[in-house]
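Coordinate-derived values only; no laboratory data. Treat the numbers as computed from the prediction; the structure is a model and nothing was measured. Glycine also receives a Cβ, built like all others from the backbone with ideal geometry; neighbour counts cover every protein chain displayed.
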Ligand code: SF4
């Protein structure tokens, strides 16, 4: 036990401190302001996976951790498209999932927006040659904003959300 405490004192705090990340702090501040102004403080996102490898979703999950803490900024992931403002679309638009993605979009109340997440929905990368892929998402849904990457990091996703908020 003494050894453990000695090591702890010697090494100090090793975890990241969001307070010290100036870039992230600035992004969070602006997101919070824009969500308050444009969505009365609460922006609901419905995540739709149209055939992803799930790495994009895993990066999105990190947005809920105490470091990124998206809910503190007023952005929530919701279980039903009927409660959503925005669809966050990942995956390659497979034959089977494309009708469901369109159905989910139809159920989102107006006004509504679609953000594509990762390279899959726009260029089907890295699965371009696969027979089960329907087409780029833009052929099926009106895309407002794209967050690129394979997968995009949580910081890139949060930056992409800010760009979307600036755009609308
Ligand atoms: S963009 Fe990359 S990480 Fe995201 S679902 Fe497609 S293959 Fe997976």
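Given only helices, namely DSSP H runs of n ≥ 4 each adding -39500 (n - 2.57), what is the per-residue ellipticity at 222 nm of the chain, to the nearest 500 deg cm²/dmol? Each step should come with its number before you reach the end.
Numbers: 6 runs with 63 residues, N = 168.
The per-residue figure over the chain is -11000 deg cm²/dmol.
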| field | Candidates 40, 90, 50: whichever shows maximal mean-square fluctuation once the chain is modelled as a Gaussian network with Cα springs under 10 Å | value | 40
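Assign one of three labels to segment 108-168, namely rounded, prolate or oblate, based on the Cα gyration tensor with a ≥ b ≥ c the square roots of its eigenvalues; rounded applies when a/c is under 1.5, prolate when it is not and a/b is larger than b/c, and oblate otherwise.
Numbers: a/c = 3.10, a/b = 1.32, b/c = 2.35.
Oblate, because a/c is 1.5 or more while a/b does not exceed b/c.
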| task | Report the full-extension gain for the segment residue 131 to residue 163: residue separation times 0.36 nm, less the Cα-Cα distance, to one decimal in nm. | result | 8.2 nm
| note | Between the Cα axis of helix 2-11 and the main Cα principal axis of the chain, the angle (0 to 90°, nearest 10) is 70 degrees
| Protection proxy ranking, peptides 154-165, 3-14, average beta carbon neighbours within 10 Å, highest first | 154-165, 3-14
| query | Can you give the % of DSSP beta bridges in the chain that are antiparallel, to the nearest 5? | reply | 5 percent
| task | Starting from the Cα gyration tensor of segment 43-167, take the square roots of the eigenvalues, sort them a ≥ b ≥ c, and report rounded, prolate or oblate (rounded when a/c is under 1.5, otherwise prolate if a/b is larger than b/c, else oblate). | result | oblate
| field | Most fluctuating residue given options 37, 102, 134, as computed from a GNM of the chain linking Cα atoms under 10 Å | value | 37
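For the chain, what relative contact order do you get, as a whole percent, if you take Cα pairs closer than 8 Å and at least 6 residues apart?
Numbers: 264 pairs, mean separation 38.9, N = 168.
Taking the mean separation of contacting Cα pairs over the length of the chain, I get 23 percent.
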